[in-house]
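Contents: one structure, followed by commentary.
The values are calculated or read from the model by the stated rules, or taken from the named source; none is laboratory data. Since we're looking at a predicted model, the values are computed, not measured. Please note: Cβ atoms are built from the backbone with ideal geometry, for glycine as well, and neighbour counts cover all protein chains shown. Keep in mind that these areas ignore ligands, DNA and RNA; they rest on the heavy atoms of the full protein, side chains included. Shrake-Rupley method; radii C 1.70, N 1.55, O 1.52, S 1.80 Å.
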Amino acid sequence: MTRRILIVEDDASTAAYLAEGLADSGYEVERVGNGRDGLARASETAFDLLIADRMLPELDGLAMVSALRAAGVSTPTLILSALATVDNRVDGLKAGADDYLCKPFSFAELSARVEALVRRADRAAAEPQKTRLAVGDLEIDLLTRHVARGGRTIPLGAREFNLLEFLVRHAGQVVTRTMMIEKVWNLHFDPGSNVVDVHIGRLRRKLEDGFASPILHTVRGTGYRLSADG
């Protein structure tokens, strides 16, 4: 099956370079030159991947991605930008992009990132969509975002729920801080803070206060493990 990629890039030479390289790699490529047209095409047509420049005429690339996500369009998106600071990358990922590649870049790296995003989307589509997950007496409902342990409802904030879901999906495994930063905070670098430990501490109190046995365990020097067996 041929994969379809939409390139949203106002620089004609960059767009042509990307389109030629991706077409040679076997992708079907469509190009538009501004964010408003990119938003329209990505909203009305199913693409396997969206590659968008950050600084676009008519509608900024990040605003375009945010609008797509708000509309429920989950097409994997790679942002290209000459803005390369940590804050710039954070802004791109928070807007809903799945990856952020700084200019100038090599086509080999871009191609590898494209392949990784497509593989990730394929795996997600192939996985059975469970709506309820459980570890011991802990249960979470992915549709209603309801969490209970031993039948007692545990109220969680949005970030806490996302963190718990990730831990439950990796129940019994050691989960490192780096894994949580990448998958829960959607950051591909360590922000150099104790944000993970703070959230883990809050989550642990909510999951364990009033219960006889712990369920969220610290693996010293490595990370954390969610397990009903200790």
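Things to note:
- Size of the chain: Rg and Dmax of its alpha carbons, in Å, are 20.3, 64.
- In this structure, Asp24 and Ala126 have a Cβ-Cβ separation that, at R0 = 30 Å, corresponds to a calculated FRET efficiency of about 0.65.
- Rounded to the nearest 20, the Cβ-based charge dipole of the chain about its Cα centre (Lys and Arg +1, Asp and Glu -1) stands at 1100 debye.
- Computed FRET value (nearest 0.05) for Ala71 with Asn186, which takes r as the C-beta separation and R₀ as 25 Å: 0.85
- Distance (nanometres) between label positions extended 7 Å along Cα→Cβ at Arg145 and Arg205: 2.1
- Restricting attention to the chain, close to 50% of DSSP beta bridges with both partner residues there are antiparallel.
- Against the criterion of solvent-accessible heavy-atom surface with a 1.4 angstrom probe, Glu182, Glu160 sort, most first, into Glu182, Glu160.
- Anisotropy class of region 80-120 from Cα gyration tensor, a/c 1.5 cut: oblate
- The fraction of accessible area contributed by carbon and sulfur in the chain is 50 percent, rounded to a whole number (1.4 Å probe; ligands and nucleic acids excluded).
- Over the chain, DSSP H runs of length four or greater, each weighted -39,500 (n - 2.57), average out per residue to a 222 nm ellipticity of -13000 deg cm²/dmol.
- Prolate/oblate/rounded label for region 1-92 (Cα gyration tensor, a/c 1.5): oblate
- Cα→Cβ-extended label distance, 7 Å offset, between Ser13 and Glu109, nm: 2.0
- Cross-link partners of Lys130 among lysines, defined as those whose alpha carbon lies under 20 angstrom from its own and excluding same-chain residues fewer than eight positions apart: Lys183.
- The HN-Hα couplings worked out from phi for region 111-117 by the Karplus form 6.51 cos²θ - 1.76 cosθ + 1.60 (θ = phi - 60°) are 4, 5, 5, 4, 4, 5, 5 Hz, whole numbers, x standing for Gly and Pro.
- Between Gln173 and Ala158, the modelled label-to-label distance comes to 2.6 nm, taking each label 7 Å out from Cα in the direction of the beta carbon.
- Computed with a 1.4 Å probe over protein heavy atoms only, the accessible surface of the chain comes to 51 Å² per residue.
- In a DSSP loop and with at most 14 other Cβ atoms within 10 Å, the chymotrypsin sites (Phe, Trp or Tyr not before Pro) in region 52-153 are Phe105.
- Phi angles of region 53-59 translate, via the Karplus equation with coefficients 6.51, -1.76, 1.60 and θ = phi - 60°, into HN-Hα couplings of 5, 6, 9, 10, x, 6, 8 Hz per residue; Gly and Pro are given as x.
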